[in-house]
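Okay, structure first, notes after.
The values are calculated or read from the model by the stated rules, or taken from the named source; none is laboratory data. Computed from a predicted model, the values in this text were never measured in an experiment. Positions of Cβ are backbone-derived with ideal geometry, glycine not excepted, and every protein chain shown enters the neighbour counts. Quick note on the areas: whole protein, heavy atoms, side chains included, nothing else; ligands and nucleic acids left out. Shrake-Rupley method; radii C 1.70, N 1.55, O 1.52, S 1.80 Å.
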Amino acid sequence: MKIGRCGRMCGTVRVRGVQGHGAYPDRADNHLARLIRFLSHLGETPLDHGSLHFAPSSVSITSIDGSNAATHVTPGQAQACFDVRFNDCHTRASLESRLRRLAAAQLHETHELELRCDAEPFLCAPGRWHEALAHAAYAVVGRRPEFSTSGETSDARFIHPYCPVVELGLVGTPVHRADEHVSLADLDSLTAIYTLMLAGFVRVAAH
């Protein structure tokens, strides 16, 4: 059961060098080595060690493209994309500053870094909505849900500034793969949980 979510920042880094023949590396400037070192550092160096309600932030390298069909030519430019899921140890501004400092230190003046943040981390302290839903889930499936902030972003990032939010829904397996699906039994259970939670909450509100 989600009581908050990580933030998301995605980046595109472009590097420029001097194109050349693979047999004469001294006559070219192969920027791919610098790009790979930057990406390795980005992917292997922890951004933090997590916080009270959040797991450590993570970085996923999602694309590397040299736009080069020839195997004996070092390219003149290349780009890579990465995806950062960050916790409440960071803000949009502090994370962006950190990534730009790292890129400047490793890629020097031969790079461009575009960053876009479409979600910041948030946490909604558990309250009566959360407890009502947890009790309903236990009544239906016999297990109390774990309070969590893991996973992808959600529309709750737009709602939480205005009211408390809690998320409990279906788990798609495998996620973002061919033949993504859910269990019909899970769908029935979730319907029962929602119905029980709403009925109980209305009774409490009425008194």
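Of the listed requirements (1) of a type in the set (Gly, Ala, Ser); (2) open to solvent by less than 50 Å² (accessible area, probe 1.4 Å); (3) touching a residue at least 12 places away in the same chain (Cβ under 8 Å); (4) part of a loop (DSSP other than H, G, I, E, B), residue 55 misses just one: (2). All conditions but one from (1) closer than 30 Å to residue 30 by Cα; (2) over 24 Å from the mean Cα position of the chain (by Cα); (3) among the small types (Gly, Ala, Ser) apply to residue 127; the one that does not is (1). If the condition is being part of a loop (DSSP other than H, G, I, E, B), open to solvent by 60 Å² or more (accessible area, probe 1.4 Å) and closer than 19 Å to residue 46 by Cβ, then segment 60-119 contributes 88, 89, 91. Got at least one residue in segment 140-151 being in contact (Cβ under 8 Å) with a residue 40 or more places away in the chain, in a helix (DSSP H, G or I), in contact with a Ser or Thr (Cβ under 7 Å, 6 or more places away or on another chain) and open to solvent by 40 Å² or more (accessible area, probe 1.4 Å)? So far as segment 140-151 goes, yes, one or more of its residues are in contact (Cβ under 8 Å) with a residue 40 or more places away in the chain, in a helix (DSSP H, G or I), in contact with a Ser or Thr (Cβ under 7 Å, 6 or more places away or on another chain) and open to solvent by 40 Å² or more (accessible area, probe 1.4 Å).
The single residue among 173, 149, 153 that is in contact with a Leu (Cβ under 7 Å, 6 or more places away or on another chain) and of a type in the set (S, T, N, Q) turns out to be 149.
Whether a residue is buried (at least 18 other Cβ atoms within 10 Å of the Cβ) and of a type in the set (A, V, I, L, M) was assessed, and residue 125 does not pass this test.
Here is a check on your reading of the model: is residue 23 more than 25 Å from the chain's Cα centre (by Cα) and more than 30 Å from residue 194 (Cβ to Cβ)? Considered against the rule, which asks whether it is more than 25 Å from the chain's Cα centre (by Cα) and more than 30 Å from residue 194 (Cβ to Cβ), residue 23 comes out as yes.
The set of residues in segment 105-117 that are within 25 Å of residue 49 (Cβ to Cβ) and either among the basic types (Lys, Arg) or out of contact with any helix residue (DSSP H, G or I) (no Cβ under 8 Å at 6 or more places or on another chain) (or both) contains only 105. Checking each residue in segment 160-185 for being outside any loop (DSSP other than H, G, I, E, B) and surrounded by 14 or more Cβ atoms within 10 Å (Cβ to Cβ) picks out only 167.
Within the option set 8, 34, being surrounded by 18 or more Cβ atoms within 10 Å (Cβ to Cβ), among the basic types (Lys, Arg) and part of a strand (DSSP E or B) holds for one residue only, 8.
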